[in-house]
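First comes the structure, then the notes that go with it.
The values are calculated or read from the model by the stated rules, or taken from the named source; none is laboratory data. Quantities reported herein were computed from a predicted structural model and do not represent experimental measurements. Virtual Cβ from ideal backbone geometry, glycine too; neighbours counted across all protein chains shown.
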């Protein structure tokens, strides 16, 4: 329904008159076609039925149009196009009047130039299509799945080779064990027989002497072989444990690889709509350009080419912005991790040197609350004592500040901020009294949630720490004076509450390592490893405390490295203005033995592990500095770098 040009009534459209440049209803259309005063309009009138017919073409549409008349001199046909006035049709007389000194071009010449622009636009689209639309999403997924099958086969072959090596060693040890049992019996029999022969030759007076000698020899042999059997048993346990760990690593690699594969397939499928839309836009624009070129209508070329070229440039930019499906179809499993992650013991360097770092927000009355290491980058959080602000600073491993953001505190009493990496670019953070958020280190965006909105979070409770389970994208939050640990997903949706058992009082700091949570119980002066299954606690064990003599140590911070070792920062109360700080390292086996401890200089508050391809680094946060300790699988004397937050 449209307003008719003839009768001005709102009626169904029956035709369009290109001379009147408006729509006609059915009655006005009939009058138009019969009235002799409008006979020159007939060949320029298009009925709706003709427009909807299958044989209606662009050439027919062009034939309906006519060369426009000059708006200023209606009795003159427009033979020029005024570029100065946005391609306005004008006649020759206009060039001596209103359009004097304007850029007026002959319509045929201008149309030829516009056709050349349209051809260039079409060529650009063809080039872009060959670049980005050459491969379809379905082809990319097919190629991705083929690559995935090849990588899985390589993984199975590498696993079979490693497993076969360990099984061969186990078979060799078992053979040694059986041979020892045979040798033991043979040696005993030979020794006893020899002693008995000598005893029979000796006189009765020395018989007791030989009886005693037999007993002594028997005990010596038993002790010797018992020791050797113990060594073999340890070897059996060692290789059996390695085989179990190899199975677990292979399972983890397969699981993470499948997750990566699924994510890539999902990402390609998400891009499929954009690729299809780009193809449709390309086909439509290509058809439109072809129609303009085929029509050879000068005015149609002059009027529409500018818009076509604008749309062409926009489509070209959109196609260039599409992701590269060839790159997205690549996938690989790092099978070297089957051997790289089987380290038995690692060491932490001891020496240190100073390196200045200009971390501007931490200067003045700012103190560091927490630190978290990621992949070649670390995040430092702190608070300004008097400005009621908390800060997040992103620093690379060389001490260069990548970005820094300041946040207004929600409470005047406490605004300490803690953090832990959730993924490569996202960091989970909590700020006292009861804020949780996810911070993006790339652009500084920060999504927050008020823990008071969680129904199970008691009113007035203050957060004490945060840790992440990166493989499962979960965030663990502890609160002061409470055994409850609250778990959220990476969208800050509350998942469940983990209730710790006695004798744990409350977590001052915590770390998540697979199915275990390591708890620093500051009030209880102990560290616990808690085995969990989601919201259920399966077991609790205590980690050994370093020997500090008469000094009472409390756990301040805990972290784990990529090899499964645990590091705990123990600290004493300040004596004569100075504290006593010990870095303790615990083994990766089930017993979690204390395998190393050393004193640290300064007053560290927390630490974390900075991961890289070359070597892991233990980063330690002090009140105003950050120290880095190199972690290696052999004894190391590499330097410790201290990143200072103040000019030296």
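Note on region 434-453: residues that are part of a loop (DSSP other than H, G, I, E, B) and in contact with a helix residue (DSSP H, G or I) (Cβ under 7 Å, 6 or more places away or on another chain) amount to 1. When the residues of region 593-621 are filtered to those that are modelled with pLDDT under 80 and more than 16 Å from residue 564 (Cβ to Cβ), the one that is surrounded by the fewest Cβ atoms within 10 Å (Cβ to Cβ) is 613. Of all residues in region 128-145, those being over 30 Å from residue 259 (Cα atoms) and either surrounded by fewer than 12 Cβ atoms within 10 Å (Cβ to Cβ) or assigned by TED's automatic domain parsing to the domain that holds residue 68 (or both) number 1.
If a residue must be surrounded by 15 or more Cβ atoms within 10 Å (Cβ to Cβ) and either outside any loop (DSSP other than H, G, I, E, B) or out of contact with any strand residue (DSSP E or B) (no Cβ under 6 Å at 6 or more places or on another chain) (or both), how many such residues does region 498-507 contain? Steps first, please.
In the first step, residues of region 498-507 are kept if they are surrounded by 15 or more Cβ atoms within 10 Å (Cβ to Cβ); the result is 498, 500, 504-507.
Filter once more, so that each one left must be either outside any loop (DSSP other than H, G, I, E, B) or out of contact with any strand residue (DSSP E or B) (no Cβ under 6 Å at 6 or more places or on another chain) (or both): 498, 500, 506.
Of the residues in region 498-507, 3 are surrounded by 15 or more Cβ atoms within 10 Å (Cβ to Cβ) and either outside any loop (DSSP other than H, G, I, E, B) or out of contact with any strand residue (DSSP E or B) (no Cβ under 6 Å at 6 or more places or on another chain) (or both).
Screening the candidates 253, 236, 231 for the property of being under 30 Å from residue 151 (Cβ atoms) and either at pLDDT below 80 or within 31 Å of the chain's Cα centre (by Cα) (or both) yields one hit, 253. Using the structure shown, decide if residue 292 is buried (at least 17 other Cβ atoms within 10 Å of the Cβ) and at pLDDT below 75. Taking the combined requirement at face value, the residue does not satisfy it.
Check region 254-273 and report whether any residue there is within 30 Å of residue 84 (Cα to Cα) and either surrounded by 12 or more Cβ atoms within 10 Å (Cβ to Cβ) or in contact (Cβ under 8 Å) with a residue 12 or more places away in the chain (or both). Checked against the condition, which is being within 30 Å of residue 84 (Cα to Cα) and either surrounded by 12 or more Cβ atoms within 10 Å (Cβ to Cβ) or in contact (Cβ under 8 Å) with a residue 12 or more places away in the chain (or both), region 254-273 yields no hits at all.
Sort out which residues of region 400-433 are without any contact (Cβ under 8 Å) to a residue 40 or more places away in the chain, part of a loop (DSSP other than H, G, I, E, B) and farther than 21 Å from residue 488 by Cβ, and write them in order of number. Please lay out each step first, then the result.
Let us first name the residues in region 400-433 that are without any contact (Cβ under 8 Å) to a residue 40 or more places away in the chain, namely 402, 407-413, 415, 425, 432-433.
When the remaining residues are screened for being part of a loop (DSSP other than H, G, I, E, B), the result is 409-413, 415, 425, 432-433.
Of everything in region 400-433, those that are without any contact (Cβ under 8 Å) to a residue 40 or more places away in the chain, part of a loop (DSSP other than H, G, I, E, B) and farther than 21 Å from residue 488 by Cβ turn out to be 409, 412, 413.
Return the residues of region 434-490 that are free of Cβ contacts under 8 Å to residues at least 40 places away in the same chain, surrounded by fewer than 17 Cβ atoms within 10 Å (Cβ to Cβ) and under 30 Å from residue 255 (Cβ atoms); say none if nothing qualifies. Passing the criteria: 440, 442, 445, 472, 489.
I'm trying to understand the selection: among the residues of region 365-397, which are farther than 18 Å from residue 442 by Cβ and either in a strand (DSSP E or B) or under 22 Å from the mean Cα position of the chain (by Cα) (or both)? Selection gives 366, 367, 368, 369, 370, 371, 382, 383, 384, 389, 390.
Only a single criterion out of (1) surrounded by 15 or more Cβ atoms within 10 Å (Cβ to Cβ); (2) more than 30 Å from the chain's Cα centre (by Cα); (3) in contact (Cβ under 8 Å) with a residue 24 or more places away in the chain is not satisfied by residue 304, namely (3). Screening residue 164 on (1) free of Cβ contacts under 8 Å to residues at least 60 places away in the same chain; (2) surrounded by 12 or more Cβ atoms within 10 Å (Cβ to Cβ) shows it passes everything except condition (2). Looking across region 307-326, the residues that are assigned to a helix (DSSP H, G or I) and surrounded by 15 or more Cβ atoms within 10 Å (Cβ to Cβ) come down to 308, 309, 311, 312, 315, 316, 318, 319, 325.
Being closer than 21 Å to residue 432 by Cβ, touching a helix residue (DSSP H, G or I) at 6+ places or on another chain (Cβ under 9 Å) and modelled with pLDDT of 95 or more is a property that residue 487 lacks.
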